[in-house]
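**Q** Encoded as structure tokens, here's the structure I'll be asking about.
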Amino acid sequence: MDLKAVLKNQNVLKKRSGYMWAMTATILWGLWYLPGSVLWVLDPFATMYGDIAVESGDVAALLVTAVLITAFNALAVVVVLTIWNGSLGKLGELKRTMREIHPCTKWFFAASIFGGPVAILGSFIAMGFVGAAFAAVAALLYPVVGTILANRWYGEKITKRALVGMFFMICGGIVIFGAGITGELGASVPLIGIIGGLMIPIGWGVEGAIAGKGLDVAEPDAALHLRFISETAIWWVIVIPILALVGFPMYTYALAFFDPLVMMVMFFAGLAFGYEYVCWYKSFPLIGIARAQGITILYVVVVVVALYLFFGSVPDSSLLIGGALGIAGAAVMFSEDVTEEESIRT
Amino acid sequence: MTLRPLKFRILEIMSDGKAHWNNEIIETVGEEYAMTDDYGRSSINFDLIELASGGLISSLEAQIDEDTGHLLRKYGITDYGKVRASESCFRSL
């Protein structure tokens, strides 16, 4: 084989690996919704929701319970990533990266704020004040934010074909959730619900762009571990103590968490979420923020299928049309020509 | 010597302005970080691919190693790489 062909092959392999990581992230993100939904009906979270709803109303109960679940989820991800990086022999690289506050840690700390409190709280605010379909559709727009930022900030190249693919995938998601959203968006949509809806794409979009910048000089496995250590600290050192000071019994319910069944479900949640993020971060340097974020929109299809297979929630016929649009979008994106250029930036 | 993250060290080697073959960098970095087995060498090579993908370094020349059949690439630091290295890793650049 001549050198030119070998070089092109390497670029094809790089692209395939990037898409493979992004697709694995998509599947795991969808599967996370299984343990993620089960947690809400297990104690202490179910009792917590009920007790707070009686005292402070349903929306407060939703938000405060979501904080505790998300805080434990972040902690579970840190445990999973410690096993992951320990097995790969990368704990040394984690320590070295953590020491570099200015070039590395600050980016992943910022990524954890946008991906954690901003995006996740935004999801629950949108869900609580407007509805689940509205929150899901708002989330579909995050690649648009990520793509614009990555392009404007550090010149990530984005082809027309990749944009067309992303457009198809967003349309697919809107078709899946479209019917639900019309019922939710009545005459009076509270402003806080709209703000929550905006927080989702801004949170995840900005996280991706910031992570892309930090990943210039950091390894994805170490970077991601750092991002989740930061998120865990934000929940447990800042948010939960503030909620406890305000009067919510956070620690009473947190201490009741140590039940084998709940811990096992949380571990599965951590496993799916942690490895989903590993795959997501690994795809960024290979195919760029825009394509990686575009592909992962397909998680909505996986969620609906997984909920049907495991919980028997029969999907609407819109899943077929939306799913087909999403898969067509992914195919358009994947069929981009691979050139001999090795950089994804201008 | 306190070791810094792998990509910092690679950028430090590249910041002499000269072109370096990937196997030289893998050799040097592998010795320093005790990553001389196949997995360690592949990890360092992957960091080089990621740095090139991000546009911090670029490949100037390529050839196939006749003994191993592996693709060898000669990399040089780009202007963007110099900027990122000076912002991030080395104030002196």
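The values are calculated or read from the model by the stated rules, or taken from the named source; none is laboratory data. In this text the structure is predicted, and so the values were computed from the model without any measurement. Here the Cβ positions follow ideal geometry from the backbone for every residue, glycine too, while neighbour counts run over all protein chains shown. For accessibility, only protein heavy atoms count, side chains too; no ligands or nucleic acids. Shrake-Rupley method; radii C 1.70, N 1.55, O 1.52, S 1.80 Å.
**Q** Dimensions of the range B:6-87 along principal axes (Cα, Å, largest first)?
**A** For the range B:6-87, the Cα extents along the three principal axes come out at 37, 27, 20 Å.
**Q** Just counting partner chain Cβ atoms within 10 Å, what average do the residues of peptide A:211-219 show around their Cβ?
**A** Details: counts 0, 1, 3, 1, 4, 13, 16, 7, 7.
For peptide A:211-219, the averaged partner shielding equals 6.
**Q** In nm, to one decimal, how far is the A:V41 label point from the A:R16 one, both placed 7 Å along Cα→Cβ?
**A** In this crude spin-label approximation the distance works out to 4.2 nm.
**Q** Shifting gears a bit: Note the angle between two axes, namely the Cα long axis of helix B:79-88 and the longest principal axis of the Cα atoms of chain B, as a number of degrees from 0 to 90, rounded to the nearest 10.
**A** 60
**Q** Follow-up question, since we're still on this one. Once both axes come from the Cα atoms, what is the angle between helix A:3-38 and the longest principal axis of chain A, in degrees from 0 to 90, rounded to 10?
**A** 10
**Q** How high is the FRET efficiency from A:L245 to B:D37, r the C-beta distance, R0 45 Å, rounded to 0.05? Walk me through the numbers on the way to the answer.
**A** Working: r = 51 Å, r/R0 = 1.14.
E between A:L245 and B:D37, to the nearest 0.05, is 0.30.
**Q** PRE reach from A:K106 (point 7 Å along Cα→Cβ): which of the range A:121-151 fall under 17 Å by backbone N?
**A** The answer is none, because no backbone nitrogen lies closer than 17 Å to the label point.
**Q** May I pose another question? Please give the total accessible area that chains B and A bury against each other, computed with a 1.4 Å probe and expressed in Å² to the nearest 100. Working shown, then result.
**A** Working: alone 5860 and 15470 Å², together 18670 Å².
Result for this pair: about 2700 Å² buried.
**Q** Taking the Cα atoms of chain A, what is the range of coordinates along each of the three principal axes, in descending order and whole Å?
**A** The Cα atoms of chain A stretch 71, 49, 35 Å along the principal axes, largest first.
**Q** Past the 18 Å Cα-Cα mark, which pairs from B:K18/B:K82; A:K213/B:K7; A:K15/A:K90; A:K8/A:K282? Can you show the working numbers first?
**A** Working: B:K18/B:K82 12 Å; A:K213/B:K7 13 Å; A:K15/A:K90 24 Å; A:K8/A:K282 21 Å.
Flagged as over cut-off: A:K15/A:K90; A:K8/A:K282.
**Q** Of all the accessible heavy-atom surface of chain B, with the other protein chains kept in place and a 1.4 Å probe, what percent is carbon and sulfur?
**A** Numbers: 2160 of 4530 Å².
Roughly 48 percent, rounded to a whole number.
**Q** May I pose another question? With all protein chains present, calculate the accessible area of A:W21 using a 1.4 Å probe and round the result to the nearest 10 Å².
**A** Spelled out: A:W21, probe radius 1.4 Å, area about 50 Å².
**Q** Using Cα atoms only, what is the angle between the long axis of helix A:45-56 and the major principal axis of chain A, expressed in degrees (0 to 90) to the nearest 10?
**A** The helix A:45-56 is inclined about 60 degrees to chain A.
**Q** Follow-up question, since we're still on this one. Highest mean first, how do A:201-208, B:33-40, B:18-25 rank when packing is the count of other Cβ atoms within 10 Å averaged over residues? Working shown, then result.
**A** On the way: A:201-208: 24.2, B:33-40: 13.4, B:18-25: 17.2.
So the peptides A:201-208, B:33-40, B:18-25, ranked by packing, come out A:201-208, B:18-25, B:33-40.
**Q** Given a 1.4 angstrom probe, what's the average accessible area per residue across chain A, in square angstrom? Mind dumping the intermediate values first?
**A** Values: 14140 Å² over 346 residues.
So chain A comes to 41 Å² accessible per residue, rounded to a whole number.
**Q** Compute the relative contact order of the range A:3-334 as a whole-number percentage, counting only Cα pairs closer than 8 Å that sit 6 or more residues apart in sequence.
**A** 38
**Q** Still on this structure: What's the carbon and sulfur percent of the range A:179-287's accessible surface, probe 1.4 angstrom, rounded to a whole number? Numbers along the way, then the final one.
**A** Numbers: 3240 of 4050 Å².
Ligands and nucleic acids excluded, carbon and sulfur give 80 percent.
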